[in-house]
Amino acid sequence: FNPVPEGLMRELSPDRPDKTESPYTVDAGHYQLEMDFANFTYDKTGGTTTKAWDVGDFNIKAGLLNNVDLQFVYDNYLNVHTEDSSGKSTTQSGFGDFTTRLKINLWGDDGGTTAFALLPYVKFPTATDNLGNGAVEGGVIFPLSVSLPHDFDLSLETAASYMKNDDDGGYHEEFIASASLDHQIIEKLSGFVEFFSNFTMQNRSSWVGTVDTGLEYLVTKNIQLDCDCYFGVTHAAPDFNPFAGITVRF
């Protein structure tokens with residue numbers, strides 16, 4: 001109810017486009033929209049090919065306090081086409097799940113060489129046409145940022161989640177570890193490289209590993225565009241996932 005004056009606002013620091021979350025929060029009294037224009041995923045495993053489009057999925061954030069923001073994440077329109085080795089295909093389309101998150105910065109929001117935050121979240125099963133698993137799931141993310149020499153920025157993340165099993169009504173734990181290195185290329189253009197891994201405790205399931213890269217262009221101090229791609233490096237990961245999006249703070 002008492003917004004931070006524009007001249008005192010922090011630098012724009014969205015959670016996109018890499019998978020490693022940022023520990024920095026939205027300034028109190030301000031809002032931030034992070035959205036994909038279009039997101040395409042391709043995977044071919046065991047003779048089955050999956051092509052999925054996700055259009056307009058977004059994360060809208062509200063700065064509650066100087067170090068706390070509330071986030072609403074929605075997988076907007078989804079279209080998934082699956083074809084097996086015999087040529088039989090199925091198509092699902094509709095809307096995805098809804099997630100609420102609360103980011104609490106413990107230090108570094110207003111300066112320093114490191115920053116750290118807690119990011120608990122809960123996912124609610126709002127997906128249509130069987131595009132979700134119909135379960136409430138949740139967890140907590142621990143993002144850390146470190147400023148390195150020569151204008152390199154290192155982001156690290158660990159996370160623990162409680163997820164529904166694929167084959168029954170039970171739940172299992174999943175653990176995420178990732179690292180992302182970002183650097184300015186020229187003026188307002190930056191780029192990143194990232195390694196992401198997701199380890200699951202579910203029986204007969206393999207870990208997911210991706211190598212990710214992308215470009216970010218700061219149009220103004222409150223608008224950023226990005227164009228990116230994730231590449232699967234393990235059997236359980238999608239083969240590749242290109243996407244483009246925008247961040248707008250107001």
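Between the C-alpha center of the range 1-49 and that of the range 173-191 there is a gap of 12 Å.
Structure remark: mean-square fluctuation, Gaussian network model of the chain, C-alpha springs under 10 Å; the largest value among H150, H30, H183 belongs to H150.
Inter-part distance, the range 132-171 to the range 205-250, computed on C-alpha centroids, equals 15 Å. The local environment of S147, defined by Cβ-Cβ distances under 13 Å, has a net charge of -4 under the rule Lys, Arg +1 and Asp, Glu -1. Note on the range 1-103: lysine pairs with Cα distance below 27 Å, sequence gap of 8 or more or different chains, count 7.
Shown here for the range 1-108: chymotrypsin sites (Phe, Trp or Tyr not before Pro) in loop regions (DSSP other than H, G, I, E, B) with at most 16 other Cβ atoms within 10 Å, namely F1. Can you give the net charge of the other residues whose Cβ lies under 10 Å from the Cβ of T90, counting K and R as +1 and D and E as -1? In short, -1.
With all protein chains in place and a 1.4 Å probe, the accessible surface of the range 44-174 carries 59 percent carbon and sulfur.
Placing R0 at 25 angstrom, the Cβ-Cβ distance between L102 and W207 gives a FRET efficiency of 0.35 after rounding to 0.05. Just checking the listed ones, P125, P149, P238: in the Gaussian network model of the chain with Cα springs under 10 Å, the one fluctuating most is P149.
Farthest towards the positive end of the charge dipole of the range 134-250, among the residues V146, T200, L189, is the Cα of L189, using unit charges on the Cβ of Lys, Arg, Asp and Glu.
Counting Lys and Arg as +1 and Asp and Glu as -1 over every other residue whose Cβ lies under 15 Å from the Cβ of D43, the net charge comes to -2. Here the chain is assigned +1 on the Cβ of each Lys and Arg and -1 on the Cβ of each Asp and Glu. Its dipole about the Cα centre then comes out at about 240 debye. Model label sites at Y217 and N76, defined 7 Å from Cα along the beta-carbon direction, differ in position by 2.0 nm. Restricting the range 35-91 to trypsin sites (Lys or Arg not before Pro) that sit in a DSSP loop and have at most 12 other Cβ atoms within 10 Å of their own Cβ leaves K88. The residues of the range 14-61 have, on average, 37 Å² of accessible surface per residue, using a 1.4 Å probe with all protein chains present.
The values are calculated or read from the model by the stated rules, or taken from the named source; none is laboratory data. Quantities reported herein were computed from a predicted structural model and do not represent experimental measurements. All Cβ positions, glycine included, derive from the backbone under ideal geometry; neighbour counts span all protein chains shown. When the accessible area is computed, the model is the full protein with side chains, heavy atoms only, and any ligands, DNA or RNA have been set aside. Shrake-Rupley method; radii C 1.70, N 1.55, O 1.52, S 1.80 Å.
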